[in-house]
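Heads up, the thing below is written out as structure tokens.
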Amino acid sequence: MEAFLKNLSTNVCALRKTRALTQDQLAKMAKVPRTTLAYVESGEGNPSLKLVVQIAQALRVRTEELLASPRAACLLVKADDLEANYRLKKMVKIETLLPDPVPGLQFERLRLEPKANMIGIPHSPGTKEYFTCVKGRIEVRVGSESFTVTEGDVVSFPGSWRHSYRNMLDQKSQGISIVCYPLGA
């Protein structure tokens, strides 16, 4: 329990300062007395879950972020250490490009072997997806439409629609997919 209180104290204080807020300003945003916030930042006491949620909402972060061990300000993740999964018998490699979760955002690199054709998984309604080709030429099919995306091109579409990605070349192609989920999803 002591570790959670220390993490909460460190994270609330750091996030408040990063946002250039005084304790009084953050307390008003969280609808709590300033003395209560000062108590949380000192690492003392036993704050209720309701209080932690109120502070998290005021700072616009997930509750888990307030309770997690503080992270380094900068982080280098080597390519070999990226979280990755494979589809189509390793014809497609999907790498997660956000080492720390960002609510409402998914950022992935797709590496497609020659002629690989991957069907995307439709997301929740209100989701927007952006796809850019980094290398090669990729056909992106959305519903009944087809887009040829070459290096530097970007196609955007409703992420909830049926979609697929097909490498049109006899060599590897790759692209970046950014999925933005609607607020509250």
Checklist entry - Can you spot a residue in the range 17-38 that is exposed (fewer than 14 other Cβ atoms within 10 Å of the Cβ), assigned to a loop (DSSP other than H, G, I, E, B) and under 24 Å from the mean Cα position of the chain (by Cα)? => result yes
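Just one of Lys93, Lys89 is part of a loop (DSSP other than H, G, I, E, B), within 30 Å of Arg137 (Cα to Cα) and in the same structural domain as Val149 (by TED's automatic domain parsing); which is it?
Lys89
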Filter the range 141-158 for residues that are of a type in the set (Gly, Ala, Ser) and part of a loop (DSSP other than H, G, I, E, B); the one that is nearest to His123 (Cα to Cα) is Gly143
Of (1) more than 18 Å from the chain's Cα centre (by Cα); (2) closer than 30 Å to Arg60 by Cα, Asp81 fails just (1)
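Residue-wise test of (1) closer than 21 Å to Val155 by Cα; (2) among the aromatic types (Phe, Trp, Tyr); (3) in contact with a Lys or Arg (Cβ under 7 Å, 6 or more places away or on another chain).
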{"residue": "Thr35", "(1), (2), (3)": "no, no, no"}
{"residue": "Gly43", "(1), (2), (3)": "no, no, yes"}
{"residue": "Pro47", "(1), (2), (3)": "no, no, no"}
{"residue": "Ala58", "(1), (2), (3)": "no, no, no"}
{"residue": "Val61", "(1), (2), (3)": "no, no, no"}
{"residue": "Asp80", "(1), (2), (3)": "no, no, no"}
{"residue": "Tyr86", "(1), (2), (3)": "no, yes, yes"}
{"residue": "Lys93", "(1), (2), (3)": "yes, no, yes"}
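The values are calculated or read from the model by the stated rules, or taken from the named source; none is laboratory data. Because the structure is a prediction, the values reported are computed rather than measured. Every residue, glycine as well, gets a Cβ built from its backbone with ideal geometry; the counts of neighbours run over all protein chains shown.
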